[in-house]
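J.: Take this structure, written in structure tokens, and hold onto it; I'll ask about it next.
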Amino acid sequence: MAGKIDARLKELGIDIPDAAAPVANYVGWVKSGNTVYVSGQVPLKDGEFEYQGKLGDKYDVEEGQAAARLCAINLIAQVKAACGGDLDKVTRVVKLGNFVNSTADFTAQPQVANGASDLMVEVFGDKGKHARFAVGTNVLPLDVAVEVDGVFEVA
Amino acid sequence: MAGKIDARLKELGIDIPDAAAPVANYVGWVKSGNTVYVSGQVPLKDGEFEYQGKLGDKYDVEEGQAAARLCAINLIAQVKAACGGDLDKVTRVVKLGNFVNSTADFTAQPQVANGASDLMVEVFGDKGKHARFAVGTNVLPLDVAVEVDGVFEVA
Amino acid sequence: MAGKIDARLKELGIDIPDAAAPVANYVGWVKSGNTVYVSGQVPLKDGEFEYQGKLGDKYDVEEGQAAARLCAINLIAQVKAACGGDLDKVTRVVKLGNFVNSTADFTAQPQVANGASDLMVEVFGDKGKHARFAVGTNVLPLDVAVEVDGVFEVA
């Protein structure tokens with residue numbers, strides 16, 4: 001009895017991993033009322049960092065988009081946990097905060113962030129359309145290429 | 001039958017443009033309950049970027065404030081759209097997130113952010129008093145000088 | 001008739017200062033519904049900046065953690081004001097946004113942020129477990145080492 005979003009994920013060939021458990025005194029998500037706040041997610045796949053380095057140096061826009069997409073998959077993993085496994089409870093992707101590890105002359109952060117934005121709309125349709133910011137930073141944890149946090153509305 | 005805030009904007013000589021429509025899979029604002037989340041706004045006027053470059057290099061504090069003020073005008077444009085055109089529905093400017101494109105030795109981000117903060121209070125009075133952060137970044141999209149996102153409470 | 005959290009703070013030997021009053025058109029906190037948004041806090045103690053400089057240059061991880069802990073104490077000062085002095089009204093630390101003033105090759109922002117995360121759990125127990133992001137920036141206001149903002153749920 002898979003839900004609509006699970007069916008859509010299957011159709012897209014996207015496998016949502018188990019939510020990564022933080023190794024410190026914070027958590028992957030907090031639910032307050034109908035709002036779920038998800039911690040900043042990084043391009044981690046099967047326990048390995050997939051993109052470590054800066055946009056404008058090691059990575060180009062297309063690779064940055066793949067990194068952002070991977071962050072978005074990890075955001076969905078967290079919100080799935082917050083929904084007790086049922087992604088159909090997500091009524092809106094509210095906001096994404098996109099931090100892009102950039103050289104000082106790389107200015108295509110919005111295009112990189114589209115990797116996360118596009119995934120949300122592929123998966124959630126109109127409910128996936130969100131507010132966002134996309135900014136550059138001179139460095140990110142473990143030198144990952146992109147970090148994305150999120151706010152979701154759930155039923 | 002203009003509203004109070006419209007009258008105040010006229011008094012201040014501030015023209016609120018139509019909300020810019022994002023060119024990707026995200027939106028200018030999302031309303032969740034009584035909270036409106038507005039996407040990061042940049043110093044765009046009549047379709048042109050007005051401030052492109054870094055504080056501490058191309059721009060000084062006063063120019064940065066003008067850039068932040070322009071971001072704030074674009075935030076108001078988005079929240080106006082979220083309110084169906086009626087800015088009197090804004091019950092509180094809740095939070096502004098200020099990202100200032102800075103050289104590594106420019107440390108007056110709060111003064112720059114005041115360009116946005118002051119505008120909110122000029123327009124909304126006590127309801128315009130908000131929480132905020134103001135941080136530096138090594139680069140912003142299209143090298144704009146300032147990016148500001150916002151959270152608003154609406155009736 | 002001290003509250004439970006006041007008693008815990010005393011046990012930990014932590015003195016919560018009066019909330020610093022911003023010197024501009026913004027405020028230390030805004031309450032919207034049951035959510036309190038706290039402005040970005042810096043490592044300010046008794047009116048003096050305690051940590052000014054970058055991680056990876058002037059400061060190491062341990063010093064960064066002390067700076068983040070001081071930011072967290074100042075966050076608690078603000079939320080205490082928002083609760084009319086009664087910290088027992090805090091039902092959840094929802095989210096912390098950690099900005100770490102970093103050289104381009106310092107990548108231990110999460111460890112630095114633990115200085116704030118650990119304090120929240122020391123003080124609030126399970127209610128202190130929060131979502132968070134931790135990112136690097138090339139510079140912060142007045143060159144402080146860390147800036148942390150917060151979202152809290154209150155009764």
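J.: With the checklist (1) surrounded by 24 or more Cβ atoms within 10 Å (Cβ to Cβ); (2) closer than 20 Å to B:Leu75 by Cα in hand, flag the one item A:Ala116 doesn't pass.
T.: For A:Ala116, the failing item is (2).
J.: While we're looking at this one, here's another question. If you scan region B:17-41, which residues turn out to be buried (at least 18 other Cβ atoms within 10 Å of the Cβ), touching a helix residue (DSSP H, G or I) at 6+ places or on another chain (Cβ under 6 Å) and in a loop (DSSP other than H, G, I, E, B)?
T.: If the condition is that a residue be buried (at least 18 other Cβ atoms within 10 Å of the Cβ), touching a helix residue (DSSP H, G or I) at 6+ places or on another chain (Cβ under 6 Å) and in a loop (DSSP other than H, G, I, E, B), then B:Ala19, B:Asn25, B:Gly28 are the ones that fit.
J.: Here is a list of conditions, (1) among the aliphatic types (A, V, I, L, M); (2) within 12 Å of the chain's Cα centre (by Cα); (3) away from chain B (no Cβ under 11 Å), and A:Val90 meets all of them except one; can you say which number that is?
T.: (2)
J.: How many residues are more than 9 Å from every other protein chain (Cβ to nearest Cβ), of a type in the set (A, V, I, L, M, F, W, C) and free of Cβ contacts under 8 Å to residues at least 24 places away in the same chain if we restrict to region C:4-54?
T.: 2
J.: Check off (1) crowded, with 19+ Cβ neighbours inside 10 Å; (2) more than 9 Å from chain B (Cβ to nearest Cβ); (3) not aliphatic (A, V, I, L, M) for A:Gly97 and give me the number that stays unchecked.
T.: (2)
J.: How many of the residues making up region B:2-54 are of a type in the set (Asp, Glu) and more than 16 Å from B:Leu70 (Cβ to Cβ)?
T.: 2
J.: Being of a type in the set (Lys, Arg), over 23 Å from B:Leu96 (Cβ atoms) and either within 14 Å of chain B (Cβ to nearest Cβ) or touching a residue at least 60 places away in the same chain (Cβ under 8 Å) (or both) is the requirement here; does C:Lys80 meet it?
T.: On the way: of a type in the set (Lys, Arg): yes; over 23 Å from B:Leu96 (Cβ atoms): no; either within 14 Å of chain B (Cβ to nearest Cβ) or touching a residue at least 60 places away in the same chain (Cβ under 8 Å) (or both): yes.
Spelling it out, it is not the case that C:Lys80 is of a type in the set (Lys, Arg), over 23 Å from B:Leu96 (Cβ atoms) and either within 14 Å of chain B (Cβ to nearest Cβ) or touching a residue at least 60 places away in the same chain (Cβ under 8 Å) (or both).
J.: Residues that are under 12 Å from the mean Cα position of the chain (by Cα), more than 19 Å from C:Asn34 (Cα to Cα) and crowded, with 24+ Cβ neighbours inside 10 Å: does region B:124-136 have at least one?
T.: So far as region B:124-136 goes, no, none of its residues is under 12 Å from the mean Cα position of the chain (by Cα), more than 19 Å from C:Asn34 (Cα to Cα) and crowded, with 24+ Cβ neighbours inside 10 Å.
J.: Counting only residues that are charged (D, E, K, R) and crowded, with 20+ Cβ neighbours inside 10 Å, which one in region A:60-85 is nearest to A:Pro43 (Cα to Cα)?
T.: A:Arg69
J.: Somewhere in region C:107-125, is a residue part of a strand (DSSP E or B), more than 13 Å from C:Ala68 (Cα to Cα) and facing chain A (nearest Cβ under 7 Å)?
T.: no
J.: Of the residues A:Asp105, A:Asp88, A:Asp57, which single one is in contact (Cβ under 8 Å) with a residue 60 or more places away in the chain, surrounded by fewer than 24 Cβ atoms within 10 Å (Cβ to Cβ) and charged (D, E, K, R)? Working first, answer last.
T.: On the way: A:Asp105 fails: in contact (Cβ under 8 Å) with a residue 60 or more places away in the chain; A:Asp57 fails: in contact (Cβ under 8 Å) with a residue 60 or more places away in the chain.
Answer to the check: A:Asp88.
J.: Within region B:126-155, count every residue that is in a loop (DSSP other than H, G, I, E, B), closer than 11 Å to B:Arg92 by Cβ and within 9 Å of chain C (Cβ to nearest Cβ).
T.: Going through region B:126-155 one residue at a time, the tally reaches 1.
J.: Related question: Could you list, in sequence order, all residues of region B:142-154 that are in contact with a Pro (Cβ under 9 Å, 6 or more places away or on another chain) and either over 21 Å from B:Val27 (Cα atoms) or surrounded by fewer than 24 Cβ atoms within 10 Å (Cβ to Cβ) (or both)?
T.: B:Leu142, B:Ala145
J.: Okay, next question. Test B:Ala68 against the stated conditions and say whether it is farther than 23 Å from C:Val27 by Cβ, out of contact with any Cys (no Cβ under 8 Å at 6 or more places or on another chain) and among the small types (Gly, Ala, Ser).
T.: So B:Ala68 fails the test.
J.: Next up: It is to be established whether one or more residues within region B:65-73 are within 10 Å of another protein chain (Cβ to nearest Cβ) and either part of a strand (DSSP E or B) or under 11 Å from the mean Cα position of the chain (by Cα) (or both).
T.: The answer is no, given that none of the residues of region B:65-73 is within 10 Å of another protein chain (Cβ to nearest Cβ) and either part of a strand (DSSP E or B) or under 11 Å from the mean Cα position of the chain (by Cα) (or both).
None of the figures in this text is laboratory data; all of them are computed from the coordinates on show. Note that the structure is a prediction, hence the values are computed from the model and not measured. So basically every Cβ, Gly included, is an ideal-geometry build from the backbone, and we count neighbours across all protein chains shown.
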